[in-house]
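Participant: Can you read through this structure? Questions will come right after.
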Amino acid sequence: TYIKASHQTNAQVGDPANDVLRVDAKDVRTKVIGEGANLAINQAGRIEFATHGGRINTDFIDNSAGVDCSDNEVNIKIPLNREMQEGRLTEGVRNKLLAEMTDEVSELVLEDNRLQTLALSIAESRGAAGIPGFVRSIEMLETLGRLDRKVEGLESSDVLLRRRADGRGLTRPELAVILSMSKMTLQDAAEELKLADDPTMEDELMAAFPKPMQKKHADAIRAHRLRHQIIATKVANRLVNRLGPSLPLDMTEEEGVGLPQVVVAFLVAERLLDLRSLWAKIEREQMAEPNRIALFAVCAKTIRSHIGDVIRAAAGETSVSALCEMLRPGLEKVAAKTAGLIRAEVRGEAASRRTQLEQLGASKDVIDRLVRLYEMDGVFGIAGLGARKQLDELAITRAYTRLGEVLGIDWAQQQVARYMPSDNWERLLAAGMLRDFEQVRIDFLGRTRGEEPDESVERWVERNPKRIAQFRSLVERAKLTGQISVPMLAQIASQARILLSR
């Protein structure tokens, strides 16, 4: 028996020609619905059921394993058929191999679907606070021609934004639409990069196939005619699943770049920060699931700032391997000395985060990784400057830290990081301030000539005591107000830019 909402069904109650029962979503008394068939429930019915406290996704989420399985079958048979045509494989051996790989393909498919559902839970956990960002994602997807609100059953931006005042977030069925459309948009952007041509991406391609194929038919996989599309699909899935459906679109607005640059920055950060091992550790934590979801959310927020740093450090470069090669030496150099270089404001915030993570029940290993990830904020800007100017990254870090402490920029930057924007204009303003508090220092250090960066900063401090004192008085006045506001922080960011640009 299918449960159908009454809004868009042709089934008529009492009509023996239809073996279907039509029920309004508000009258359904079950707590959870999983759609084992397409169109069992229309989108309006799903949203209504979820609004009344029911647990439900959408048919295209619950049934995605079937599509995923078909994709894997096609992707596997293309290179194996080529092997047969060129005489390196017989049909009998191929069929035996396909049978042997069945369980592993099932595992790949089920893992894809588990992570996708987890991504929905993480997005849902943002509640009312996530409304502005998700609404902006809907608007951007509309502009890109990816989404039709009427078709997808999504209300107007004004109606959705009013939910925030009521303390309500988007429902899982609504979030499922944003998730899927974001993935498809990101996949197209990733395909533009021709990622299979990058030598660092071969492992990504191989991982899309069962191990027996990797061992016996690696060359056929490398020559796969859909290799760029396969990698793009895997990367788009992982980015959205791990960091949320809004992040890629948000970054295009905040950093003024296209989605391909966001994809590259994600892949670089993922590799250089070893994010996959961190995600795996969080997956294995022995803890309540809501707390695990909270850990993933903390992780995603911290990674977001690193992706922005990589985008700026990349300066338009879109080769993952080239960027990793450029940024890795400086990153490793600074990371080895982080404890001695960390600034006072960051140290205090790191301690606060450690306490928060302990309260969630995270293990020491995971807490250390997440805190360290936060402490390394800004490292890619430093590594990029060191690579471009052939400067010592440790000297740059000391100079960067000194500027932050002597001017009080670190305090202001922490206030912006804690700020919760009420709409997307405030989000963009906050993102711009965070970028400025870092970038004005990087740009200042990039203008040093003929001396070490830390020495240059000390000379500048000695030459500009009055200007520094004037700026510090602005920061101290802000501290004494007791109530931090966006205009206040924006003024500090503006004055910092003026001070360090002269």
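Participant: Work from the charge dipole of the chain (Cβ charges, +1 for Lys and Arg, -1 for Asp and Glu, about the Cα centre) and give the residue of LEU385, THR90, ALA493 farthest towards its positive end.
Facilitator: ALA493
Participant: Shifting gears a bit: Leaving out ligands and nucleic acids, and using a 1.4 Å probe, what accessible area per residue does the chain come to in Å²?
Facilitator: So the chain comes to 47 Å² accessible per residue, rounded to a whole number.
Participant: From the backbone phi of region 187-197, what are the Karplus-calculated ³J(HN,Hα) couplings (6.51 cos²θ - 1.76 cosθ + 1.60, θ = phi - 60°) in whole Hz, Gly and Pro given as x?
Facilitator: Along region 187-197, the couplings run 4, 4, 5, 5, 5, 4, 7, 6, 4, 5, 7 Hz.
Participant: Within the accessible area of the chain, what % is carbon and sulfur when the probe is 1.4 Å and the other protein chains stay in place?
Facilitator: Looking at the chain in its full context, I get 50 percent from C and S.
Participant: Convert each backbone phi in region 281-291 into a coupling constant with the Karplus relation 6.51 cos²θ - 1.76 cosθ + 1.60 (shift: θ = phi - 60°), then list the ³J(HN,Hα) values in order as whole Hz, x for Gly and Pro.
Facilitator: Each residue's phi maps through the Karplus curve to give 5, 5, 4, 8, 4, 8, 7, 5, 4, x, 6 Hz.
Participant: Another one. How big is the accessible area of LEU428 in square angstrom, nearest 10, if you roll a 1.4 angstrom probe over the protein chains?
Facilitator: So the heavy atoms of LEU428 present about 50 Å² to solvent.
Participant: Moving on. Calculate for the chain the 222 nm mean residue ellipticity that helices alone would give, adding -39,500 (n - 2.57) per DSSP H run of length 4 or more and normalising by residue count, nearest 500 deg cm²/dmol.
Facilitator: -22500 deg cm²/dmol
Participant: Going by amide H atoms built from the backbone, whose H comes under 5 Å of the H on ASP198, apart from near neighbours?
Facilitator: Counting only residues 5 or more places away or on other chains, the set is empty.
Participant: Which value, in debye to the nearest 20, gives the size of the charge dipole of the chain about its Cα centre, when Lys and Arg are +1 and Asp and Glu are -1 at the Cβ?
Facilitator: 1320
Participant: Follow-up question, since we're still on this one. In whole Hz and in residue order, list the ³J(HN,Hα) couplings for region 142-155 that follow from phi through the Karplus curve 6.51 cos²θ - 1.76 cosθ + 1.60, θ = phi - 60°; x for Gly and Pro.
Facilitator: Residue by residue, region 142-155 yields 4, 4, 7, x, 8, 9, 10, 4, 4, 5, 8, x, 9, 6 Hz.
Participant: Determine, for each peptide in 476-485, 130-139, the mean count of other beta carbons within 10 angstrom over its residues, then list the peptides with the highest first.
Facilitator: 130-139, 476-485
Participant: To test your reading of the geometry: what angle, between 0 and 90 degrees and rounded to tens, separates the Cα axis of helix 102-124 from the longest principal axis of the chain?
Facilitator: With both axes taken from Cα atoms, the answer is about 60 degrees.
Participant: Subtract the Cα-Cα distance of THR481 and LYS215 from 0.36 nm times their separation in residues, and report this length gain in nm to one decimal.
Facilitator: 89.2 nm
Participant: Can you give me the angle between helix 393-407 and the longest principal axis of the chain, using Cα atoms only, in degrees from 0 to 90, rounded to the nearest 10?
Facilitator: Rounded to the nearest ten degrees, it is 70.
Participant: I'd like the orientation of helix 320-335 relative to the chain: the angle between its Cα long axis and the longest Cα principal axis, in ° from 0 to 90, rounded to 10.
Facilitator: Taking Cα atoms only, the helix is inclined about 50 degrees.
Participant: If you don't mind, another one. Using +1 at the C-beta of Lys and Arg and -1 at the C-beta of Asp and Glu, which of SER125, VAL109, GLY36 has the Cα lying farthest in the positive direction of the dipole of region 10-167?
Facilitator: The residue sitting farthest along the positive end of the dipole is SER125.
Participant: While we're looking at this one, here's another question. Roughly how big is region 218-355's charge dipole about its Cα centre, with Cβ charges of +1 (Lys, Arg) and -1 (Asp, Glu), in debye to the nearest 20?
Facilitator: 420
The values are calculated or read from the model by the stated rules, or taken from the named source; none is laboratory data. Only a predicted model underlies this, so the values are computations on that prediction, with no experimental measurement involved. FYI the Cβ positions are ideal-geometry reconstructions off the backbone, even for glycines, and counts take in every protein chain you see. These accessible areas exclude ligands, DNA and RNA; they are computed on the full protein's heavy atoms, side chains included. Shrake-Rupley method; radii C 1.70, N 1.55, O 1.52, S 1.80 Å.
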